[in-house]
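S.K.: To start, I am sharing the structure in question, which I have written as structure tokens.
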Amino acid sequence: MDLFKYHNYAFAKLLAFRIQMVLAYQIMAVVVGWHIYEITRDTLSLGLIGLAEVIPYFASALFAGHAVDHFYSRRLFGALSAVLLMLNAFTLTALALGWLNGNATLWIYGSIAFTGIARAFIAPSYSTLFAIILPRDQYVRAAGIGTAVFQAGLVLGPAIGGLLVGFGSKTLAYAVATLLCLGAAIAMLLLKVKEPKKSENIPVFTSIAQGLRFVFNNQIVLGALSLDMFAVLFGGAVAMLPAFIHDIYKTGPEGLGILRAAPALGAIMTGLWLARHPINLHAGRWLLSAVAGFGICIIGFGLSTSFWMAAVLLLFSGLFDGISVVMRQTIMQLATPDAMRGRVSAINGIFIGSSNELGAFESGVAARLMGLVPSVIFGGVMTLSVVGITAKFAPKLRKLELHQLQ
């Protein structure tokens, strides 16, 4: 593929970093949940896992974006994130082996908190290096490949983690995650790129404020971020899948696995297709149409009483979501000045990260108030409403052509 003619396979090394980090993170997430429930037998302890990670992530994300933009090498920050995650995985390995004394639960939550800090550096490092390595006319194609790789990690990581625990042990799973992080750090350090000179060193809060002003004063960037955030916030039907499996479809955990994998499979298919057939015309219309298609699929899923029809609708929701992710990433890369990529990527991470967490919460509250099926239909209708509002109040995004940003 012509992407790899540039910079001696630098993009392949960047992808190697990304897939290994995603796999390691997903393996750890699955095994940590199993580990802590095995100790506590308390469902609240499972809910606290996300809280233990999200708080330090939100607290450090903007500072991480500033650091990537202003200090040293982007490669070193990427390698730092891998090393931090590796130390966390190694700590959990030592805990599983009985090498650490004290409260095992506190060791686990402490490790999860440092995982949140490591996560804060991953996206800014990846985003800035992506833009350095690739020519601008390859962004759409490369974003498609990156999306496919990321979604593949989301599918394979939990499966690998479960298999390693089921046929091996928690120790083995944590050890594999440790090795994957080491591999990611090596891939990042082997990445040879000519990085631009660091930005002018300005006070950290001034720098963060510049990034926030850029996002909130740029109709195209803010519109793309808001569209994705609210679509995920209101269209988070995946959080309710266990209830659908139990109450509607009357199947077992294998059915849950199929439904959870369906959206990711759709996103992988989209990523691979767009890598070969990039969208260059009518980018704004494609983005809005894809999110609208996602909302329609969520409504159809809520109305479906057939398990296999639900799986097909979720597959198509992943197809549409894959288009929106690729288009949003491409728009963000093209619209962001080089000197602000770290900060804007960090803000993007906060938008999307918060929508995933809050979306699960919103789905649970809506299901409690409205009932399971009406809450999902409501989420799909709200997603369509968000598309309409964005189209009306962000005309620059609606009319966007990618060549305007190149």
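The values are calculated or read from the model by the stated rules, or taken from the named source; none is laboratory data. No experiment lies behind these values; they were computed from the predicted model shown. Here Cβ is always computed from backbone atoms with ideal geometry, including for glycine, and neighbour counts include all displayed protein chains. Each accessible area value is taken on the protein alone, full model and side chains, heavy atoms only, with ligands, DNA and RNA left out. Shrake-Rupley method; radii C 1.70, N 1.55, O 1.52, S 1.80 Å.
S.K.: Do we find a residue being in a helix (DSSP H, G or I), open to solvent by 40 Å² or more (accessible area, probe 1.4 Å), touching a residue at least 24 places away in the same chain (Cβ under 8 Å) and within 20 Å of Asp321 (Cβ to Cβ) anywhere in segment 141-149?
M.R.: So far as segment 141-149 goes, yes, one or more of its residues are in a helix (DSSP H, G or I), open to solvent by 40 Å² or more (accessible area, probe 1.4 Å), touching a residue at least 24 places away in the same chain (Cβ under 8 Å) and within 20 Å of Asp321 (Cβ to Cβ).
S.K.: Here's a check for you: in segment 271-292, which residue that is closer than 20 Å to Val232 by Cα and open to solvent by 10 Å² or more (accessible area, probe 1.4 Å) is farthest from the chain's Cα centre (by Cα)?
M.R.: Selected residue: Arg285.
S.K.: What's the number of the only condition in (1) more than 30 Å from Ala59 (Cα to Cα); (2) touching a helix residue (DSSP H, G or I) at 6+ places or on another chain (Cβ under 9 Å); (3) at pLDDT below 80 that Glu254 fails to meet?
M.R.: Just one mismatch for Glu254, condition (2).
S.K.: Spot the failing condition for Val68; the list is (1) touching a residue at least 40 places away in the same chain (Cβ under 8 Å); (2) open to solvent by 10 Å² or more (accessible area, probe 1.4 Å); (3) in contact with a helix residue (DSSP H, G or I) (Cβ under 9 Å, 6 or more places away or on another chain), and only one is missed.
M.R.: The one condition Val68 does not meet is (2).
S.K.: Return the only residue of Gly110, Gly116, Gly65, Gly78 being in a helix (DSSP H, G or I) and in contact with a Lys or Arg (Cβ under 8 Å, 6 or more places away or on another chain).
M.R.: Of Gly110, Gly116, Gly65, Gly78, the one residue that is in a helix (DSSP H, G or I) and in contact with a Lys or Arg (Cβ under 8 Å, 6 or more places away or on another chain) is Gly65.
S.K.: Here's something else I'd like to know. If only one of Asn348, Asn280 is touching a His at 6+ places or on another chain (Cβ under 9 Å) and of a type in the set (S, T, N, Q), which one is it?
M.R.: Going through Asn348, Asn280 in turn, just one is touching a His at 6+ places or on another chain (Cβ under 9 Å) and of a type in the set (S, T, N, Q): Asn280.
S.K.: Let me ask you something else. Do we find a residue being surrounded by fewer than 17 Cβ atoms within 10 Å (Cβ to Cβ), acidic (Asp, Glu), modelled with pLDDT under 80 and within 30 Å of Lys194 (Cβ to Cβ) anywhere in segment 22-42?
M.R.: No, segment 22-42 contains no residue that is surrounded by fewer than 17 Cβ atoms within 10 Å (Cβ to Cβ), acidic (Asp, Glu), modelled with pLDDT under 80 and within 30 Å of Lys194 (Cβ to Cβ).
S.K.: Within 21 Å of Ser73 (Cβ to Cβ), open to solvent by less than 10 Å² (accessible area, probe 1.4 Å), modelled with pLDDT of 85 or more and assigned to a loop (DSSP other than H, G, I, E, B): is that true of Leu129 in this structure?
M.R.: It is false that Leu129 is within 21 Å of Ser73 (Cβ to Cβ), open to solvent by less than 10 Å² (accessible area, probe 1.4 Å), modelled with pLDDT of 85 or more and assigned to a loop (DSSP other than H, G, I, E, B).
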